[in-house]
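Asker: Quick one: structure below, then a few questions.
The values are calculated or read from the model by the stated rules, or taken from the named source; none is laboratory data. Bear in mind the structure is a predicted one, so any value in this text is a computation, not a measurement. With ideal geometry, Cβ positions are generated from the backbone for all residues, glycine too; neighbour counts draw on all protein chains shown.
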Amino acid sequence: MRIGIDIGGTKIGFGLLDEEGKALFFEKKETEKEKGYESVLQKIKDSVLNILSVHGLTIRDLKRIGVACAGQVVRADGVIRFSPNLKWRDAPLRDDLESFFSVETIVENDVNAATYGEWKFSFMKIPKNVVGVFLGTGVGGGIIIDKRLYRGSEFSGGEIGHMILNPYGYICNCGARGCFEAFCGGEYIVKRVIDLINEGYRGKIWGLAQRDGKIHVSYIEEAYYLGDEAIKGLWEEVIEYLGCALTSIVNIFNPDLLILGGGVISGTKGLIREAEKIVQNKAMPGSKKGMKIERAKLGDLSAILGAAFLDD
């Protein structure tokens, strides 16, 4: 058996997997990142022990624990060098888990893992050159070149979300202005809408939010299609920056396949279609020739499977 763990800015996903990649169990828990690294680490330990107990398993039944985590991960030693959304620096996650469980533990950037998981299980490792772009709380990227996951010389490559699209744009959690993430990350988009509402705006988005008292990206897109005046400009900005970011990625990497995933993508209906129009319009002819844009297929299991089976 293998356990895959996906640590995100708001949720942690846990999956119990067999050797074929079949998920025998899956659950999500709140990250509660505001409580700090040690609290999240303890939650992971407790959750893994509980999963094993519920399924009548022991530590000896585990071949690997694979952890996907948002941020810059030093793959060689499993240290989270910097995670803007979790507010972690130099967190020794692999060593902390291996010393507790005595099971081989691999820690990888969450979107590297998700891209690998999609490539291995959804696309059977067929495309040679792949870029994964996942829009969730923030924006992350994974790059596969000649069928190998690209990590960079210091294991910090693929930080597509922190590609600066406008140096005068919104402030990003990483400290820079105008990052791809700051324009298209779900947390940032929702915050801009909440700011509008707090200023007294009461367009169609206000009515949609009354369904459950929350602002979701899916509601924002719906308000856009309903003609909400303020949301129209805001959502068009998201579409434009997403399309331009993807165009740059296509021009730089000339991939066979561009995989789009994450909560912002899964929660919207027309965002991929609208962004793809911009890519087809703006990308260089040779860069986009033969390239396919596909929606991620594994949902919450992408990074869990990727981390658990990385490099297999």
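Asker: Scan segment 21-50 and report the pairs whose first residue is among the small types (Gly, Ala, Ser) and whose second residue is assigned to a loop (DSSP other than H, G, I, E, B), with Cβ atoms within less than 7 Å and a gap of 6+ or a chain change.
Answerer: Taking only residues 6 or more apart or on different chains, the pairs are Ser39/Glu32.
Asker: Right, another one. Identify the single condition in (1) touching a residue at least 60 places away in the same chain (Cβ under 8 Å); (2) touching a helix residue (DSSP H, G or I) at 6+ places or on another chain (Cβ under 9 Å); (3) surrounded by fewer than 19 Cβ atoms within 10 Å (Cβ to Cβ) that Met284 does not satisfy, given that it satisfies every other one.
Answerer: All conditions are met except number (1).
Asker: Inspect all residues belonging to segment 259-274 and state whether any of them is closer than 13 Å to Phe134 by Cβ and among the hydroxyl-bearing types (Ser, Thr, Tyr).
Answerer: Scanning segment 259-274, I find at least one residue that is closer than 13 Å to Phe134 by Cβ and among the hydroxyl-bearing types (Ser, Thr, Tyr), so the answer is yes.
Asker: Anything in segment 180-196 that is surrounded by 16 or more Cβ atoms within 10 Å (Cβ to Cβ) and out of contact with any strand residue (DSSP E or B) (no Cβ under 6 Å at 6 or more places or on another chain)? List them, or say none.
Answerer: Ala182, Phe183, Gly186, Glu187, Tyr188, Ile189, Val190, Arg192, Val193, Leu196
Asker: Take the residues of segment 152-200 that are under 16 Å from the mean Cα position of the chain (by Cα) and of a type in the set (D, E, K, R): which is nearest to Gly243 (Cα to Cα)?
Answerer: Selected residue: Glu181.
Asker: Would it be correct to say that Ser248 is assigned to a helix (DSSP H, G or I) and under 16 Å from the mean Cα position of the chain (by Cα)?
Answerer: When the stated conditions are applied, Ser248 does not pass them.
Asker: Can I ask one more? Just give me the residues in segment 89-114 being under 17 Å from the mean Cα position of the chain (by Cα) and either assigned to a strand (DSSP E or B) or of a type outside the set (S, T, N, Q) (or both), in sequence order.
Answerer: Listed by number, the residues that qualify are Val107, Glu108, Asn109, Asp110, Val111, Ala113, Ala114.
Asker: Count, please, the residues in segment 68-87 that happen to be more than 25 Å from Leu298 (Cβ to Cβ) and modelled with pLDDT of 95 or more.
Answerer: Number satisfying all stated conditions: 1.
Asker: Does Glu32 satisfy the condition of being loosely packed, with under 14 Cβ neighbours inside 10 Å and under 27 Å from Tyr150 (Cβ atoms)? Lay out the reasoning, then the answer.
Answerer: Values: loosely packed, with under 14 Cβ neighbours inside 10 Å: yes; under 27 Å from Tyr150 (Cβ atoms): no.
For Glu32, the condition - loosely packed, with under 14 Cβ neighbours inside 10 Å and under 27 Å from Tyr150 (Cβ atoms) - is not met.
Asker: Sticking with this one: Considering only residues that are polar (S, T, N, Q) and part of a loop (DSSP other than H, G, I, E, B), look in segment 119-143 and name the one that is farthest from Thr31 (Cα to Cα). Spell out the reasoning first.
Answerer: Pass one, segment 119-143, residues polar (S, T, N, Q): 122, 129, 137.
Keeping just the survivors that are part of a loop (DSSP other than H, G, I, E, B) gives 129, 137.
On the way: Asn129: 33, Thr137: 12 Å.
Selected residue: Asn129.
To keep it simple, each residue is scored yes or no on (1) in contact with a strand residue (DSSP E or B) (Cβ under 9 Å, 6 or more places away or on another chain); (2) farther than 20 Å from Ser218 by Cα; (3) assigned to a loop (DSSP other than H, G, I, E, B); (4) not assigned by TED's automatic domain parsing to the domain that holds Ile65.
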site: Lys269; (1), (2), (3), (4): no, no, yes, yes
site: Ile272; (1), (2), (3), (4): yes, no, no, yes
site: Ala275; (1), (2), (3), (4): yes, no, no, yes
site: Gly290; (1), (2), (3), (4): no, yes, yes, yes
site: Leu305; (1), (2), (3), (4): yes, yes, no, no
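Asker: Which of (1) over 23 Å from Val79 (Cβ atoms); (2) under 21 Å from the mean Cα position of the chain (by Cα); (3) of a type outside the set (Ser, Thr, Tyr) is the odd one out, the single condition Ile65 does not satisfy?
Answerer: (1)
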